[in-house]
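**Q** Below is the structure I would like to discuss, written out as structure tokens.
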Amino acid sequence: MAMRDLVAETEVSVSDLIAPLFVREGIDAAREISSLPGVFQHTVDSLRREVADLAALGVRSVMVFGVPTDKDATGSQSCAANGIAQQALEALRADMGDDMVIIADLCVDEYTDHGHCGIVDEHGRVDNDATLELYAAAAVAQARAGAHMVAPSGMMDGQVGAIRAALDADGFSEIPIMAYSAKYASGFYGPFRDAVDVTIAGGGDRKGYQQDWRNGREALVEVAADLAQGADIVMVKPAVTYLDVISAVRAAVDVPVAAYHVSGEYAMIKAAAANGWIDGDVVALEQLTAIKRAGAGIILTYLTRWFAEGAGGLR
Ligand code: PBG
């Protein structure tokens with residue numbers, strides 16, 4: 001065992017991990033998400049306790065998703081100074097200072113009544129350029145609320161440049177952007193949509209703005225575009241089904257590469273393990289290690305707390 005460890009090439013450590021966390025307006029106690037066992041929709045208070053617990057376990061980064069009570073056509077709560085995500089960011093920054101990297105997911109599908117990641121035109125299509133103004137306003141609201149970093153996940157063309165310009169103009173030139181650069185129109189996001197109470201109107205999908213899973217090289221074009229616009233970290237999403245993409249991106253760029261082990265990837269492990277079909281702890285650690293081995297130095301994962309608690313005794 002000592003010899004095996006001596007020559008091991010890849011080791012996941014807790015400082016590589018970002019915990020995605022949900023804060024929901026209008027509830028008075030945390031609610032477990034049925035399709036994401038062990039993951040909760042939090043109140044601001046229960047979120048603060050969760051982050052304090054994570055900090056005590058050695059976790060250094062979290063990403064906040066807000067779920068508002070009022071959704072509208074333009075997702076206006078995404079940029080309201082007192083919007084639920086902004087309230088949470090402010091509270092966490094006050095609690096944690098700079099000891100925890102507090103990242104704001106920057107998208108509007110949680111905030112729109114039609115469930116799309118942008119402003120929809122009269123034909124039901126997302127209006128890319130109108131959406132950029134919304135993202136810019138949301139980024140500024142998040143930075144003012146205390147986010148250390150923003151992470152645009154909407155896959156609009158030009159989003160990184162628009163957000164960079166807006167942050168710089170508001171005095172936030174030091175706030176980095178972690179871009180969801182290569183984000184696929186994936187079936188693995190199902191449980192996430194339960195977590196944020198999103199249904200896409202009319203049974204729609206995101207194929208108009210997220211990537212086609214048949215394309216790998218296209219990811220490099222997306223990554224290059226985001227870097228040219230000022231991205232500081234680039235992300236591939238999902239992770240395990242896209243290890244080839246992670247590896248190609250790692251080889252192509254010198255900035256940090258992140259990967260998002262998404263809700264469906266987590267839920268599949270939990271469901272199979274609950275049935276006794278796989279050893280969930282082993283598969284979880286195997287997947288996180290594979291993501292790192294492929295080249296992602298940063299992993300967003302719902303397994304963060306489990307890993308920080310000792311990864312089921314596997315470490
Ligand atoms: C969009 C967004 C999604 C996820 C993160 N940001 C869903 C989507 O594009 O439909 C999914 C994350 C997960 O499945 O864990 N704001």
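**Q** Per 0.36 nm of contour for each residue apart, how much would the distance between residue 157 and residue 173 grow if the chain were fully extended, relative to their Cα-Cα spacing? Intermediate values should be presented prior to the final figure.
**A** On the way: separation 16, 0.36 × 16 = 5.76 nm, distance 2.10 nm.
Length difference between fully extended and current span is 3.7 nm.
**Q** Given just the C-alpha atoms of the chain, how large is their convex hull per residue in cubic angstrom?
**A** Values: hull volume 42.5 nm³, N = 315.
Residue-normalised Cα hull volume stands at 135 Å³.
**Q** Also, quick follow-up: Considering only the other residues whose Cβ falls under 11 Å of the Cβ of residue 273, what net charge follows from Lys and Arg at +1 and Asp and Glu at -1?
**A** Numbers: positive: 270; negative: 279, 281.
After counting each charged neighbour, the total is -1.
**Q** Sum up the charges of everything whose Cβ sits under 10 Å from the Cβ of residue 175, counting Lys and Arg as +1 and Asp and Glu as -1, but leave residue 175 out.
**A** On the way: positive: 164; negative: 168, 170, 174, 232.
Overall, the nearby charge balance is -3.
**Q** What are the residues whose amide H is under 5 Å from the amide H of residue 184, where those residues sit 5 or more places off or on another chain and H is modelled from the backbone?
**A** The list, which skips near neighbours in sequence, is 211, 237.
**Q** Ok, one more. With θ taken as phi - 60° and the coefficients 6.51, -1.76 and 1.60, list the Karplus ³J(HN,Hα) couplings across region 64-70 in order, rounded to whole Hz; mark glycine and proline as x.
**A** 3J(HN,Hα) across region 64-70, in whole Hz: 9, 10, x, 10, x, 6, 9.
**Q** Could you provide, to the nearest whole Å², the per residue accessible area of region 10-235 with probe 1.4 Å? Intermediate values should be presented prior to the final figure.
**A** On the way: 9070 Å² over 226 residues.
With all protein chains present, region 10-235 gives 40 Å² per residue.
**Q** Under the definition of Cα pairs under 8 Å and six or more residues apart, what whole-number percent is the relative contact order of the chain?
**A** Dividing the mean separation by the residue count of the chain yields 18 percent.
**Q** Packing-wise, with mean Cβ within 10 Å as the measure, how do 190-203, 172-185, 279-292 rank, highest first?
**A** Numbers: 190-203: 16.3, 172-185: 21.9, 279-292: 19.4.
Highest-to-lowest ranking by the protection proxy: 172-185, 279-292, 190-203.
**Q** Given labels modelled 7 Å from the Cα in the Cβ direction, how far is it in nm from residue 197 to residue 218?
**A** 3.3 nm
**Q** In whole Hz, with x marking every Gly and Pro, tabulate ³J(HN,Hα) for region 236-244 from phi via Karplus 6.51 cos²θ - 1.76 cosθ + 1.60, θ = phi - 60°.
**A** For region 236-244, the Karplus-derived couplings read 10, 7, x, 10, 5, 7, 10, 4, 5 Hz, x marking Gly and Pro.
**Q** Could you give the angle, 0 to 90 degrees to the nearest 10, between helix 159-169's Cα long axis and the longest principal axis of the Cα atoms of the chain?
**A** Here the helix axis deviates by roughly 70 degrees.
**Q** Pop out the ³J(HN,Hα) list for region 39-52 in order, Karplus 6.51 cos²θ - 1.76 cosθ + 1.60 with θ = phi - 60°, rounded to Hz; leave Gly and Pro as x.
**A** With the stated coefficients, region 39-52 comes to 10, 10, 7, 9, 7, 4, 5, 5, 5, 4, 5, 4, 5, 4 Hz.
**Q** Further question: Tell me which residues come under 5 Å, amide H to amide H, from residue 106 once H is placed; ignore anything under 5 positions away on its chain.
**A** Counting only residues 5 or more places away or on other chains, the set is 151, 153.
**Q** Where does helix 84-96 land angle-wise versus the long Cα axis of the chain, in degrees 0 to 90, nearest 10?
**A** 50 degrees
**Q** Related question: Just to verify a number: FRET efficiency for residue 277 and residue 2, C-beta to C-beta distance, R0 = 35 Å, to 0.05? Before the final figure, lay out the partial values.
**A** On the way: r = 32 Å, r/R0 = 0.92.
So, using R0 = 35 Å, E works out to roughly 0.60.
**Q** Could you give the nm distance between label points at residue 228 and residue 125, where each point is 7 Å from its Cα heading toward the beta carbon?
**A** 2.2 nm
**Q** Summing Lys, Arg as +1 and Asp, Glu as -1, what charge do residues with Cβ under 11 Å from the Cβ of residue 192 carry, residue 192 excluded?
**A** So the environment of residue 192 carries a net charge of -4.
**Q** Calculate how many DSSP beta bridges within the chain are antiparallel, expressed in % of all such bridges and rounded to the nearest 5. Before the final figure, lay out the partial values.
**A** Working: 4 of 37 bridges.
Here the antiparallel bridges make up roughly 10 percent for the chain.
**Q** In addition: Under a GNM of the chain (C-alpha, springs under 10 Å), which listed residue has the highest mean-square fluctuation: 143, 252, 231?
**A** Residue with maximal mean-square fluctuation among 143, 252, 231: 252.
**Q** Which angle from 0 to 90°, rounded to the nearest 10, does the C-alpha axis of helix 217-228 make with the longest principal axis of the chain?
**A** 60 degrees
**Q** Using a 1.4 angstrom probe and counting only protein chains, how large is the accessible area of residue 119 in Å², to 10?
**A** Here the residue's solvent-accessible area equals roughly 40 Å².
The values are calculated or read from the model by the stated rules, or taken from the named source; none is laboratory data. Worth saying up front: this structure is predicted, and the values here are computed from it rather than measured. Backbone-built Cβ (ideal geometry, glycine too); neighbour counts: all protein chains shown. The protein model used for the area step is the full one, side chains on, heavy atoms only, and it has no ligands, DNA or RNA in it. Shrake-Rupley method; radii C 1.70, N 1.55, O 1.52, S 1.80 Å.
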